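Before anything else, here's the structure in question.
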Amino acid sequence: MSAPAGVGEQVLRVDWPQCRARGLCAELLPERIALDEWGYPIVLGPVPRGERTLAREAVAACPRRALHLRDA
Amino acid sequence: MIRPSAFVDVLPGPLLLSGLADGPHLRAHLARFGRLPEPGPEALLACITPLALRGRGGAGFPMSRKIETVLRHRGRRPGRHPVVVVNAAEGEPASAKDSTLLDVAPHLVLDGAVLAARALGARAVHVVTSADRPWVGSAVEAAVADRDEPGIRWRLHEAEARFVSGQARAVLELMAGRPGLPATTWTPAAAAGHGGRPTLLSNAESFAHLAAVVRWGPGRYAAHGTADEPGTTLLTLTTPPAADGGFVGGRVVEVEHGDPAWRVLDAAALVAPLLVGGFHGAWVHPRDVPGLRWSTGHLREIGASLGAGAVLSLGDGSCPVAETARYVGYLADESAGRCGPCRNGLPALAAEVRGLAEGADTRRRVGELTGLVRGRGACAHPDGTARMVTSLLTTLEDHVEDHLAEHCACHADRIVGIR
């Protein structure tokens, strides 16, 4: 499903116990986040450099602070 | 609810279970082995690294790498003493080897913990046992009371009886005074564990192997097993739990790596599906059971792994589809319910596998759901559950076909009682 991350790439990681399926991440970053049938995020591969700002915005928008952007 | 057996047989073995006749007491232990040596970290690593000693809690992580990580982080954090944790929470009800080991040879396990603590400079050694096997906690308490180790503080904990209690981060949560449930971490315990300190958290059997290597010497340890996988491993051999969910009987044996399985399995087990690695493990096809060997490499070739050494045979004629449905139902109930995909996905998966057991071809949906839960939780509970279910559909595909065609030995009326 998700391609392996390359050097210097970043990945989105979900703090699962924190996540309550609010779905803001998928609205803000549909390129990288889909929702499963229960509304929980499915991360679609690593974040390319060009998407970093958008990814940071999605991370900041999570009301549960459940989304994290980390070095691969 | 599935519960561990209260009575388990234990047979003498080559190393860990070689002192069975002498009893569990410290005096007998010291009469056999003498004073515990105190190798420094380099000497300890030099002992175990060539033996490729792996953890016995299920993940099979190399012990030497864990120890190296603790040492590295100890160096960076002056004044922050490492912590040693002996994990015998044994949440898997099909497994009884850690509990049994602490019952019959507690000092070998505690030796391993002290060896590690001395080498790492840890002052506190925590031992975590399970609430549904209270005699194990008592055995540890008695053994610890007999020992005299200046500078070592023993701390005993009792984990709640649930499947995920033994997961490393759940154990650390318990030690921190919070509910012992899995929590998110992106750092290994060896780097930042109990109170943020570098923590050597390993399974009880793993510590006994550490002690065995030092007590007997690497040469005599490696005289057992194979060149690639020296030493021995403990197995819990069981059959399906009774209708009320309780495992009945069971046997703990110590086998050498590479040993053929027929030496410890009975005749009926040699022609029946075998679940290797417990409820997070994988089914082995009956055709592969007679040639099965207890070797990580060999098991990998047939899509299985030893896990924590729980081996469940359907030699009683139970149907693997009905049994899998029952176990997945149990695993869904055992979800801590903290992570959405597990909380929602496992009950959905359990319902579909139950549908399969009742004769509906739900395989496609089962495949979807296993894909949806995998890798999406704070612990490996969804992954392990998905692994067992997937092995039913792949390894035992022929049996599933027979089951759906009603050619399976188990007839529909026999499975109405599942859960």
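From largest to smallest, what semi-axes in whole angstrom does region B:155-278 give when each is the square root of 5 times an eigenvalue of its alpha carbon gyration tensor?
Rounded to whole Å, the semi-axes are 31, 24, 12.
How many angstrom lie between the Cα centre of region B:263-313 and the Cα centre of region B:340-365?
If we compute the Cα centre of each part, the gap is 24 Å.
Ratio of the protein assembly as shown's C-alpha Rg to 2.2 N^0.38 Å, to two decimals?
That works out to 0.99 for the protein assembly as shown.
Extent of region B:163-212 along each principal axis, from alpha carbon coordinates, in Å, largest to smallest?
Extents along the principal axes, in whole Å: 33, 25, 18.
I've got another one for you. For chain B, what is the charge dipole size about the Cα centre, in debye to the nearest 20, if Lys and Arg each add +1 at the Cβ and Asp and Glu each add -1 at the Cβ? Write out the running numbers ahead of the final one.
On the way: 43 positive and 43 negative charges, 392 e Å.
For chain B, the charge dipole is close to 1880 debye.
So for the protein assembly as shown: antiparallel DSSP bridges make up what percent, rounded to the nearest 5?
Numbers: 24 of 47 bridges.
About 50 percent, rounded to the nearest 5.
What relative contact order, as a whole-number percentage, does region B:264-314 give when Cα pairs under 8 Å and 6 or more residues apart are counted?
45 percent
With θ taken as phi - 60° and the coefficients 6.51, -1.76 and 1.60, list the Karplus ³J(HN,Hα) couplings across region B:391-402 in order, rounded to whole Hz; mark glycine and proline as x.
These are the phi-based 3J(HN,Hα) values: 5, 5, 6, 9, 4, 9, 3, 5, 5, 4, 4, 4 Hz.
Bins of 20 Å, beginning at zero and ending with the bin holding the largest distance: percent of Cα pairs per bin for chain B, please.
Each 20 Å bin holds this share of Cα pairs: 28, 57, 15, 0.
On to the next question. State the antiparallel share, in %, of DSSP beta bridges confined to chain B, rounding to the nearest 5.
Of all bridge pairs located within chain B, approximately 40 percent are antiparallel.
Also: Given 0.36 nm per residue, what is the gain on full extension from B:Ala243 to B:Glu149 after removing their alpha carbon distance, in nm?
Numbers: separation 94, 0.36 × 94 = 33.84 nm, distance 4.62 nm.
Full-extension gain reported as 29.2 nm.
Is it possible to state the helix-based mean residue ellipticity at 222 nm for chain B, with each DSSP H run of 4+ residues giving -39500 (n - 2.57), the sum divided by total residues, to the nearest 500 deg cm²/dmol? What is it?
That comes out to -12000 deg cm²/dmol.
Explain nothing, just compute: Karplus ³J(HN,Hα) = 6.51 cos²θ - 1.76 cosθ + 1.60, θ = phi - 60°, for every residue of region B:241-257 in order, whole Hz, x for Gly and Pro.
So the Karplus estimates, Gly and Pro as x, are x, 5, 4, 7, x, x, 5, 10, x, x, 9, 9, 10, 10, 10, 7, 4 Hz.
In whole angstrom, and with the biggest value first, how far do the Cα coordinates of chain A range along each principal axis?
31, 24, 20
Go ahead and collect, in residue order, the members of region A:28-62 whose backbone nitrogen is under 14 Å from a label point 7 Å along the Cα-Cβ direction of A:Arg20.
Counting backbone N atoms under 14 Å from the label point, the list is A:62.
For region B:225-258 and region A:26-67, what is the separation of their Cα centres, given in Å?
Cα centroid to Cα centroid, the span is 44 Å.
How high is the relative contact order of chain B, in percent, counting Cα pairs under 8 Å that sit 6 or more residues apart?
18 percent
If you average the C-alpha positions of region B:377-396 and of region B:98-132 separately, how far apart do those two centres end up, in angstrom?
About 30 Å separates the Cα centre of region B:377-396 from the one of region B:98-132.
Would you mind telling me which residue in B:Asn344, B:Asn87, B:Asn203 has the biggest mean-square fluctuation in a Gaussian network model of chain B, where springs connect alpha carbons within a distance under 10 angstrom?
Highest fluctuation of the listed residues: B:Asn344.
Expressed as a rounded percentage, what relative contact order does region B:146-230 have, with Cα pairs under 8 Å and six or more residues apart?
14 percent
Okay, moving on. Can you tell me the convex hull volume per residue for region B:1-109, based on C-alpha atoms, in Å³ to the nearest whole number?
152 Å³
Say we join alpha carbon atoms closer than 10 Å with springs in a Gaussian network model of chain B; which of B:Trp186, B:Trp154, B:Trp294 then has the biggest fluctuation?
Most flexible of the set in this elastic network: B:Trp186.
Laboratory data are not the source of any read-out in this text; all were calculated from the coordinates shown. The structure displayed is predicted, hence computed values, not measured ones. Reconstructed Cβ throughout: ideal geometry from the backbone, glycine too, with neighbour counts over all protein chains shown.
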